[in-house]
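I'd like to ask you about the structure that follows.
The values are calculated or read from the model by the stated rules, or taken from the named source; none is laboratory data. Keep in mind that this is a model prediction, so the values were computed, not measured. Note that we place each Cβ from the backbone using ideal geometry, even for glycine, and neighbour counts take in every protein chain shown.
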Amino acid sequence: MVATAFSSLVPMETEEAQIARGLRRRDPDLLDALIEQYQHRLLRYLLHLTGNRATAEDLFQETWLRVLEKGHLYDGRNRFVTWLMSIGHNVAIDHLRKRSPSSLDEMKDPEDGAPFEPEASDPSPFEVASARQQHELFDAALSQVPPLFREVLVLRFQEQMKLEEIAKLIRIPVSTVKTRIYRGVMALRPALRGGTQ
Amino acid sequence: MTNHEHERAIDIITQGGVEDIETADAAWLQSHLAICSECAEYASLVQSTGELLRSVAVTASPALVATAQARVHARAEQLREHQTRAVLIAVSFCIGVLSSTVSAWLWWRFGGWLAGRLSLPGSIVEPGIFVAWLLPAIVIAVAMLASSRPVLDRSVTLAVLGEREGGRQ
């Protein structure tokens with residue numbers, strides 16, 4: 001009864017607050033759980049950002065190391081996934097600065113023909129062929145989109161992030177996010193129209 | 001149709017799917033899309049883009065996850081060791097400062113006591129004893145500053161370190 005009364009007075013700690021507390025302590029169990037939970041989303045984002053599976057996997061590991069090192073900076077007020085993606089974004093930018101290419105597209109290995117993998121669940125030959133076709137369509141369409149626009153498209157449509165979240169993550173105004181989404185979608189138009197015909 | 005109307009339509013279309021759209025705005029958009037082919041095409045492209053981007057699943061391999069977890073654990077251990085070492089250095093520094101202050105004060109007092117015993121002026125003996133106490137450190141510091149080469153030869157340093165290592169074993 002005392003516990004019930006107490007819990008009604010003290011607000012329940014949010015998941016974000018728990019994560020923030022665990023990151024301040026550099027709790028390895030929490031980090032293991034976070035890596036498990038966000039593995040696909042983070043890798044997907046980095047893969048679309050870099051266009052190269054090997055680079056994305058390297059950056060994936062670097063991102064988690066940075067989460068460990070900078071964990072005390074996460075205050076738990078925003079969604080953890082947004083903060084995680086912003087760390088991933090910064091890691092990718094740092095990687096680019098080291099390599100100093102003129103654009104993100106230069107990171108894409110032209111011989112890396114299949115950077116995107118379908119889920120492994122014993123698919124039928126038809127599903128495999130269909131997935132491959134979708135794959136090629138997706139890859140071709142997305143490779144035509146400039147990286148700046150590709151990033152917001154992925155965050156918006158794949159990660160289902162709000163415009164404010166994307167703006168905070170990339171540190172640009174919301175109006176710029178909207179413009180980039182518009183331009184990204186319009187850049188995909190030839191490929192989409194070609195694919196649907 | 002004004003540019004403002006197109007901008008409003010694009011704005012609402014962009015917000016759709018993730019953000020909540022007010023009923024009035026949704027109704028207005030439907031009526032606008034019915035008469036504006038450009039905005040209707042944009043809405044269709046947004047939908048196709050979303051479907052396309054969500055259609056392909058990207059999965060991290062178990063090996064990648066395991067490697068990331070192992071690296072995070074190793075780095076966490078490393079950071080913990082650094083933190084422990086930093087605390088030890090800070091504590092050692094504090095103890096050093098404290099003991100230096102106490103011993104300086106004791107030497108000063110000793111100078112006063114000696115001056116009393118020998119009937120000498122305390123204003124000379126006290127600083128004299130204090131300077132004598134500091135003299136070795138001052139001489140070494142001056143020698144290090146004056147010398148262009150390290151005071152301790154590399155071989156001497158290595159020998160000292162070797163002795164320490166040997167002492168530990």
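Which pairs have Cβ atoms under 9 Å, sit 6 or more apart or on different chains, and link a residue in the range A:67-86 that is free of Cβ contacts under 8 Å to residues at least 24 places away in the same chain to one that is basic (Lys, Arg)?
That search, which allows pairs on different chains as well, returns A:Glu69/A:Arg26; A:Glu69/B:Arg75.
So that you can scan it fast, the table gives a plain yes or no per residue for (1) among the basic types (Lys, Arg); (2) within 19 Å of B:Glu7 (Cβ to Cβ):
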site	(1), (2)
A:Val152	no, yes
A:Arg156	yes, yes
A:Glu159	no, no
A:Leu163	no, yes
A:Ile170	no, no
A:Thr176	no, yes
A:Arg180	yes, yes
A:Ala191	no, no
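Which condition number does A:Ala54 fail, the rest of (1) hydrophobic (A, V, I, L, M, F, W, C); (2) modelled with pLDDT under 90; (3) over 11 Å from the mean Cα position of the chain (by Cα) being met?
Among (1) hydrophobic (A, V, I, L, M, F, W, C); (2) modelled with pLDDT under 90; (3) over 11 Å from the mean Cα position of the chain (by Cα), A:Ala54 violates only (2).
When the range B:43-64 is examined, which residues are found to be in a helix (DSSP H, G or I) and within 7 Å of chain A (Cβ to nearest Cβ)?
B:Leu45, B:Val46, B:Ser48, B:Thr49, B:Gly50, B:Leu52, B:Leu53, B:Arg54, B:Ser55, B:Leu64
Could you tell me which of the residues B:Arg109, B:Arg117, B:Arg85 is under 30 Å from A:Gln61 (Cα atoms), modelled with pLDDT of 85 or more and charged (D, E, K, R)? Steps first, answer last, please.
Values: B:Arg109 fails: under 30 Å from A:Gln61 (Cα atoms); B:Arg117 fails: under 30 Å from A:Gln61 (Cα atoms).
When all the criteria are applied, what remains is B:Arg85.
Of the residues A:Glu57, A:Glu36, which single one is among the acidic types (Asp, Glu) and surrounded by 16 or more Cβ atoms within 10 Å (Cβ to Cβ)?
Working: A:Glu36 fails: surrounded by 16 or more Cβ atoms within 10 Å (Cβ to Cβ).
Of the residues listed, the single one that is among the acidic types (Asp, Glu) and surrounded by 16 or more Cβ atoms within 10 Å (Cβ to Cβ) is A:Glu57.
Condition first: at pLDDT 90 or above, of a type in the set (A, V, I, L, M, F, W, C) and under 30 Å from A:Asp27 (Cβ atoms). Now tell me which residues in the range B:19-71 satisfy that.
Within the range B:19-71, B:Ala63, B:Leu64, B:Val65, B:Ala66, B:Ala68, B:Ala70 qualify.
What pairs can you find where one residue is in the range A:47-66 and within 10 Å of chain B (Cβ to nearest Cβ), the other is surrounded by fewer than 19 Cβ atoms within 10 Å (Cβ to Cβ) and of a type in the set (S, T, N, Q), and their Cβ atoms are less than 7 Å apart, with a gap of 6+ or different chains?
A:Gln61/B:Thr67
Tell me which of these A:Asp139 doesn't satisfy, since it passes every other one: (1) at the interface with another protein chain (Cβ under 10 Å from one of its Cβ atoms); (2) outside any helix (DSSP H, G or I).
If we test A:Asp139 against (1) at the interface with another protein chain (Cβ under 10 Å from one of its Cβ atoms); (2) outside any helix (DSSP H, G or I), just (2) comes out false.
Please enumerate the residues belonging to the range B:72-129 that are among the β-branched types (Val, Ile, Thr) and within 30 Å of A:Leu31 (Cα to Cα). Break it down stepwise before answering.
To start, the set of residues in the range B:72-129 that are among the β-branched types (Val, Ile, Thr) comprises B:72, B:84, B:87, B:89, B:91, B:95, B:97, B:101-102, B:124-125, B:129.
If the condition is that a residue be among the β-branched types (Val, Ile, Thr) and within 30 Å of A:Leu31 (Cα to Cα), then B:Val72, B:Thr84, B:Val87, B:Ile89 are the ones that fit.
All but one of (1) at pLDDT below 90; (2) surrounded by fewer than 22 Cβ atoms within 10 Å (Cβ to Cβ); (3) part of a helix (DSSP H, G or I) hold for A:Ser175; state the number of the condition that does not hold.
Unmet condition: (1).
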